[in-house]
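Right, one structure below, let's go through it.
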Amino acid sequence: MDSENEQFIRIYDQYIDKIYRFVYLKVNSQEIAEDITSKVFLKGWENYRGEPKKIENMSAFLYQIARNSIVDHYREKSKTKIVSTDFASKIADSKVNLYEKAVLKEGIETVKLAIANLKKDYQDVIIWHYLEDMPPSEIAAILNKPVGTIRVMIHRGLNSLKSELIDEA
Amino acid sequence: MTEQELIAKLQSLKQVKPRKEWVFSIRMQILESSLNASKIAHKTTYKERFLNVFQSLYALNLQKKLAYSFAVFLFFAVGALGVMTTLLPNNDSKVNITEQSPDALVAIKDSVETFKTKSQNLIDVTKNNPQDFSLAIKEVKNAAKTLTEAIEKDPELAKEIALEVKNNVTLLSVVSEAELEEASGNLCRTIVEPVIKDLEQTTLTEVQHKELVEMEGIYDEDKYSDNESKCWDVLEKILLINSVK
């Protein structure tokens with residue numbers, strides 16, 4: 001029991017920043033990102049406990065839970081207000097706290113907003129490839145798509161991001 | 001804007017990181033859920049033990065005659081031993097040890113409780129009142145020191161509280177604070193040494209003996225280093241050998 005627990009704590013330490021960043025960039029709110037990320041790890045622990053060998057690719061496993069949880073979040077949100085999930089991050093929490101102000105000062109808010117304007121699939125591949133340094137083969141395993149398709153998506157995603165940034169400028 | 005500039009801008013998003021306190025609190029939730037699960041597992045074993053007692057009593061009933069004769073023999077044997085112990089000269093020290101042990105055990109258990117309470121307080125403070133963090137750290141350090149001193153006085157009681165202390169330290173590991181490491185290391189070494197000595201005097205299988213020698217080697221190598229976590233790992237393995245012996 002203890003060793004399983006310790007193993008998962010090591011996994012937690014390894015992935016917490018990555019999963020949080022992924023969720024935060026998709027929901028654009030610290031509060032919601034914390035809520036969703038905590039659910040990801042608690043769900044992950046529930047599945048891992050007892051049958052750790054069942055999980056072959058930990059990264060794919062955690063990101064998949066994160067993607068599903070984000071979809072659940074927007075689905076829940078759309079019950080009160082009907083919004084396409086592709087545009088949902090634009091209307092995320094307007095509350096700007098100290099943390100977000102600090103982020104704003106660093107001048108990365110523009111890129112963050114440009115990412116939020118991308119198509120959902122492009123957002124994922126751009127974050128994974130350029131921020132988390134994930135090779136196309138690993139992204140292909142998470143999205144269950146051929147590696148070639150992922151390469152094309154990365155290329156197109158980057159071009160879309162470039163256009164977004166030029167438009168905003 | 002070139003592609004390189006765009007990628008550099010994207011990389012700047014790596015600065016987005018979660019709050020440290022929040023990361024600790026989720027770590028805690030995972031650890032707590034695991035401890036709760038192990039408590040449930042323990043409850044099952046208690047139930048099993050309870051049933052075993054009844055089964056033994058039932059078996060005893062079938063062999064009543066033999067049991068009664070054995071009880072009478074035991075009664076006389078213990079009585080004779082007691083009389084001999086009281087009548088023999090210069091045996092004060094032996095009497096003192098038997099009289100002292102229950103009190104010493106209670107005192108050590110009290111110290112363990114204080115250590116646990118202060119540790120829990122530190123974890124709560126980390127989550128809810130970060131401003132009281134240094135005070136809570138100091139309290140845990142003091143509690144660990146008191147417990148270390150209590151075990152040093154009665155090392156033979158170390159094995160009684162070893163598992164409880166180890167579990168508490170596992171719970172405390174979410175607070176990775178350098179200040180705690182020295183106190184934690186001293187406490188661990190004070191427990192490990194008598195537990196190893198105790199195990200050396202018991203009968204072990206070949207495999208268990210091999211494991212014990214291996215653990216002694218790791219412990220000796222690391223005895224004078226600052227790596228307290230290795231000491232707790234050694235204690236865990238030794239307790240495991242102890243539990244299945």
- [ ] Work out the P(r) tail for the range A:1-68: percent of alpha carbon pairs separated by more than 18 Å, whole number.
- [x] 32
- [ ] Could you sort A:46-58, A:30-42 so that the peptide with the highest average Cβ count within 10 Å comes first and the rest follow in order?
- [x] A:30-42, A:46-58
Task: Volume of the Cα convex hull of the range B:102-245, divided per residue and given in Å³ - done: 98
Open item on the list: With θ taken as phi - 60° and the coefficients 6.51, -1.76 and 1.60, list the Karplus ³J(HN,Hα) couplings across the range A:143-154 in order, rounded to whole Hz; mark glycine and proline as x.
Closed with: 8, 6, 10, x, 4, x, 4, 5, 4, 5, 4, 4
Open item on the list: Quick check on the exposure proxy: order B:HIS209, A:HIS129 from fewest to most C-beta atoms within 10 angstrom.
Closed with: B:HIS209, A:HIS129
Open item on the list: Can you tally the net charge around A:LYS145? Count Lys and Arg as +1, Asp and Glu as -1, for every other residue whose Cβ sits under 13 Å from the Cβ of A:LYS145.
Closed with: -2
Open item on the list: Could you sort the peptides A:117-124, B:71-78, B:230-237 by per-residue average Cβ neighbour count (10 Å cutoff), highest mean leading?
Closed with: B:230-237, A:117-124, B:71-78
Open item on the list: Residue by residue through B:1-13, how many Cβ atoms from other chains fall within 10 Å of the Cβ on average?
Closed with: 5
TODO: Take the cross-link list B:LYS109/B:LYS230; B:LYS138/B:LYS166; B:LYS118/B:LYS237 and give me the ones stretching past 22 Å between alpha-carbons.
DONE: B:LYS109/B:LYS230; B:LYS118/B:LYS237
- [ ] Using θ = phi - 60° and the Karplus relation 6.51 cos²θ - 1.76 cosθ + 1.60, list the HN-Hα couplings for the range B:201-209 in order, rounded to whole Hz, with x at every Gly or Pro.
- [x] 8, 9, 7, 10, 6, 4, 5, 4, 5
Open item on the list: I want the local charge near A:LEU42. Using Cβ-Cβ distances under 13 Å, sum +1 for each Lys or Arg and -1 for each Asp or Glu among the other residues.
Closed with: 0
Open item on the list: Suppose the chain between A:ASN144 and A:ASN159 were pulled fully straight at 0.36 nm per residue; how much longer would it get relative to their current alpha carbon spacing?
Closed with: 3.1 nm
TODO: Could you calculate the FRET efficiency of B:ALA107 with B:GLN201 from 1/(1 + (r/R0)^6), where r is the beta carbon distance between them and R0 is 22 Å, rounded to 0.05?
DONE: 0.35
Open item on the list: What is the sum of charges, Lys and Arg at +1 and Asp and Glu at -1, for the other residues whose Cβ falls under 14 Å from the Cβ of B:GLU149?
Closed with: +1
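We did not get these values from a lab; they are worked out from the coordinates using the rules stated. What you see is a predicted model; the values in this text were computed from it and never measured. Backbone-built Cβ (ideal geometry, glycine too); neighbour counts: all protein chains shown.
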